[in-house]
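Single-structure report; data block below.
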Amino acid sequence: MVAHPHAGRRTPREFVESRAGHKDRPALKATLDAWFAEVKVARWASTADVKRLYATASIVSADRIVFNIKGNDYRLVAAVDFEKGIVWITWIGTHRDYDRIDVTEVEHDQV
């Protein structure tokens with residue numbers, strides 16, 4: 001399976017742009033670019049495969065996998081369709097903002 005990251009309501013690019021003026025913006029962009037590159041070529045058949053590549057990922061369900069971005073400063077919530085090889089980004093934000101959401105309720109848009 002090849003996972004293809006697709007953006008939802010708030011794309012990583014828009015999120016990075018919203019961080020203009022923050023000193024960690026270049027590192028955040030580089031980290032997200034690296035995540036996309038890794039996910040694009042990943043061959044995930046199950047959540048166990050995700051954990052092998054991202055040991056710190058939190059598996060809530062196949063529809064809710066939380067990735068730590070840039071040393072856990074940011075969180076990215078994704079949904080994975082293992083059969084179709086599609087990854088949807090459902091939410092991205094700071095760790096502080098993540099603590100204010102219900103990860104089981106965040107919705108995604110298929111692109």
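The values are calculated or read from the model by the stated rules, or taken from the named source; none is laboratory data. Bear in mind that the values here come from a model prediction, so they are computed numbers and not experimental data. Cβ: placed from backbone, ideal geometry, glycine included. Neighbour counts: every protein chain shown. Surface accessibility is based on the protein's heavy atoms, side chains included, excluding ligands, DNA and RNA. Shrake-Rupley method; radii C 1.70, N 1.55, O 1.52, S 1.80 Å.
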Select from 39, 60, 87 the residue whose mean-square fluctuation is largest in a Gaussian network model of the chain (Cα-Cα springs shorter than 10 Å). 60
Among 49-55, 65-71, 17-23, what's the highest-first ranking by average C-beta atoms within 10 angstrom per residue? 65-71, 49-55, 17-23
Which of 77, 20, 93 sits closest to the plus end of the dipole of the chain, meaning its Cα is farthest towards the positive end, when Lys and Arg get +1 and Asp and Glu get -1 on the C-beta? 20
Helix-derived mean residue ellipticity, 222 nm - over the chain, DSSP H n ≥ 4, -39500 (n - 2.57), to 500: -9000 deg cm²/dmol
GNM top mover of 34, 45, 79 - the chain, alpha-carbon springs below 10 Å: 34
Taking the DSSP beta bridges in the chain as the whole, what percent of them are antiparallel, to the nearest 5? 85 percent
Extension length gain for residue 53 and residue 103 (0.36 nm per residue less Cα distance), in nm, is 15.9 nm
Per residue, how many Å² of accessible area does the chain show with a 1.4 Å probe? 56 Å²
19 Å Cα-Cα reach of residue 23 towards aspartates and glutamates, excluding residues that sit fewer than 8 places from it in its own chain: 14, 33, 73, 97
Can you tell me the length gained on complete extension of the stretch residue 23 to residue 60, counting 0.36 nm per residue apart and subtracting the Cα distance? 10.2 nm
Cross-link partners among lysines for residue 40, C-alpha distance below 25 Å, same-chain residues fewer than 8 apart left out? 29, 51, 70, 84
Per 10 Å bin from zero, what fraction in whole % of the C-alpha pairs of the stretch 42-111 is there, up to the bin with the longest pair? 21, 55, 23, 1
Estimated vicinal HN-Hα couplings, Hz - the stretch 43-58 in sequence order (Karplus 6.51, -1.76, 1.60; Gly, Pro = x): 10, 9, 9, 7, 5, 4, 5, 4, 5, 5, 7, 10, 4, 8, 5, 9
Extending each Cα 7 Å along its Cβ direction at residue 40 and residue 83, get the distance between those two points in nm, one decimal. 2.7 nm
Expressed as a whole percentage, what fraction of the accessible surface of the chain belongs to carbon and sulfur atoms when a 1.4 Å probe is rolled over the protein heavy atoms? 49 percent
